[in-house]
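Structure record follows, encoded as structure tokens.
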Amino acid sequence: MKGFRKICKERIDEFMAYFARYLMERYDMDARLRNLKYEIADSIRQQEIVFPKIIPALETLDKLIAWKCSICRYGDGEFSIMQGHSIRFQSYHPLLSSRLLEIIKSDDESILVGIPDSMGSLERFQHTSQQWARVYYGYNRESVYNLIDFQKVYYDSGVTRPYLNIRDKSVAAQIIGRFPLLWQEREIVLIEGEYTRAGIGNDLFANTKSIERIVCPNFDAFDHYDRILETASVQPKHKLMLIALGPTATVLTYDLAKQGFQAIDLGHLDIEYEWYKKGATTVQSVDGKYVNEATSAKRQSFPELKDEVYQKQIIARILK
């Protein structure tokens, strides 16, 4: 009897696995078909289908360097919050949502607004990134389009994700090689999550004049927004503000830029740099740093970093 039950269980498990694969294939195919006309239209420059105006990543970076602009960045996480949803490391907050809605349609030549350049042709992306974009825009294109001003010129928010998702690694090398020109011999303030630790264990900021850090909560940072903004605002205006703080960074970058700072929504650049140096081909964890895509636990924490240099760089802690 036990043997019979075991055989039945194995057959049921096999069937459930097969059924799950079948559903995923159907779901993926449906998304591909929904997105296909946009990929083709962009490739052949068909005029009937309109796309957002997005300046490519390398040109985006060149403008940041030459004009000393600031940049606020949007991705699927910001879009989700604007639509009333929580994401992995930031709970929905109505004020955050309304600020994101305000900024994405803002009009200030010194503050660039970045959105993903993945709404048309996907030829420049790796296969897994193509699949993700097809599914996401296959089902969310209309809602995303409703958030965008099609008269506005946007910039590629993927400028801080230049490596892992992109097929042509020579472009990644160009972008990563030029980013340090932004902070060449400058005093920088890193406003980051508690476990972000940007630049620790690598030489990304080796050419700066000085590094200071404002350490913020890794999760639900926007709950402490007033304190974060107040702490950052008292810094001298000549300092470059580099912000890695999820959707909170989008709003903080905008508000600091309006006060006269050059502020950069740094996103995942430090992690991309780690992967670039290792020649990674898939998402990997990085010792001592929170990597959203590679972290299984939503609220994972890490041991305190006792590195003396890092500790001396911290000028403020805004933690729960």
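Looking at the structure I just gave you, is residue 161 touching a strand residue (DSSP E or B) at 6+ places or on another chain (Cβ under 7 Å) and under 27 Å from residue 87 (Cβ atoms)? Give the derivation first.
On the way: touching a strand residue (DSSP E or B) at 6+ places or on another chain (Cβ under 7 Å): no; under 27 Å from residue 87 (Cβ atoms): yes.
No, not satisfied.
Restricting attention to the stretch 111-146, the residues that are among the β-branched types (Val, Ile, Thr) and at pLDDT 95 or above total 4.
Considering 81, 54, 103, which residue is in contact with a Ser or Thr (Cβ under 6 Å, 6 or more places away or on another chain) and either at pLDDT 95 or above or more than 25 Å from residue 34 (Cα to Cα) (or both)?
Working: 54 fails: in contact with a Ser or Thr (Cβ under 6 Å, 6 or more places away or on another chain); 103 fails: in contact with a Ser or Thr (Cβ under 6 Å, 6 or more places away or on another chain).
Of 81, 54, 103, the one residue that is in contact with a Ser or Thr (Cβ under 6 Å, 6 or more places away or on another chain) and either at pLDDT 95 or above or more than 25 Å from residue 34 (Cα to Cα) (or both) is 81.
Could you look through the stretch 132-168, keep only residues that are touching a helix residue (DSSP H, G or I) at 6+ places or on another chain (Cβ under 7 Å) and polar (S, T, N, Q), and pick out the one that is nearest to residue 179 (Cα to Cα)? It comes out as 160. For residue 76, the criteria (1) under 23 Å from residue 249 (Cα atoms); (2) buried (at least 18 other Cβ atoms within 10 Å of the Cβ) hold in every case but one, which is (2). Note on the stretch 176-191: among residues that are of a type in the set (Val, Ile, Thr) and in contact with a Phe, Trp or Tyr (Cβ under 8 Å, 6 or more places away or on another chain), the one that is surrounded by the most Cβ atoms within 10 Å (Cβ to Cβ) is 188.
Selection of first residues in the stretch 265-288 that are of a type in the set (Ser, Thr, Tyr) and of second residues that are at pLDDT below 95 and outside any helix (DSSP H, G or I), restricted to Cβ pairs under 7 Å at least 6 apart or on distinct chains, gives the following pairs, ordered by first then second residue: 285/291. Here is the figure for the stretch 142-157: residues that are surrounded by fewer than 16 Cβ atoms within 10 Å (Cβ to Cβ), of a type outside the set (S, T, N, Q) and not in a helix (DSSP H, G or I) total 4. Checked against the criteria, residue 31 counts as hydrophobic (A, V, I, L, M, F, W, C), at pLDDT 65 or above and either over 25 Å from the mean Cα position of the chain (by Cα) or not assigned by TED's automatic domain parsing to the domain that holds residue 99 (or both).
Does the stretch 225-248 contain any residue that is part of a strand (DSSP E or B) and charged (D, E, K, R)? No. Anything in the stretch 59-114 that is of a type in the set (Val, Ile, Thr) and either part of a helix (DSSP H, G or I) or outside the structural domain of residue 240 (by TED's automatic domain parsing) (or both)? List them, or say none. Of everything in the stretch 59-114, those that are of a type in the set (Val, Ile, Thr) and either part of a helix (DSSP H, G or I) or outside the structural domain of residue 240 (by TED's automatic domain parsing) (or both) turn out to be 60, 65, 81, 103.
There is no residue in the stretch 234-241 that is closer than 28 Å to residue 67 by Cα, in the same structural domain as residue 169 (by TED's automatic domain parsing), surrounded by 11 or more Cβ atoms within 10 Å (Cβ to Cβ) and of a type in the set (Val, Ile, Thr). Taking the listed residues 243, 228, the one that is of a type in the set (A, V, I, L, M, F, W, C), within 20 Å of residue 95 (Cα to Cα) and in contact with a Cys (Cβ under 6 Å, 6 or more places away or on another chain) is 228, with no other qualifying.
The values are calculated or read from the model by the stated rules, or taken from the named source; none is laboratory data. Remember, predicted model here, so these are calculated numbers, not experimental data. Note: ideal-geometry Cβ built from the backbone for every residue, glycine included; neighbour counts use all protein chains shown.
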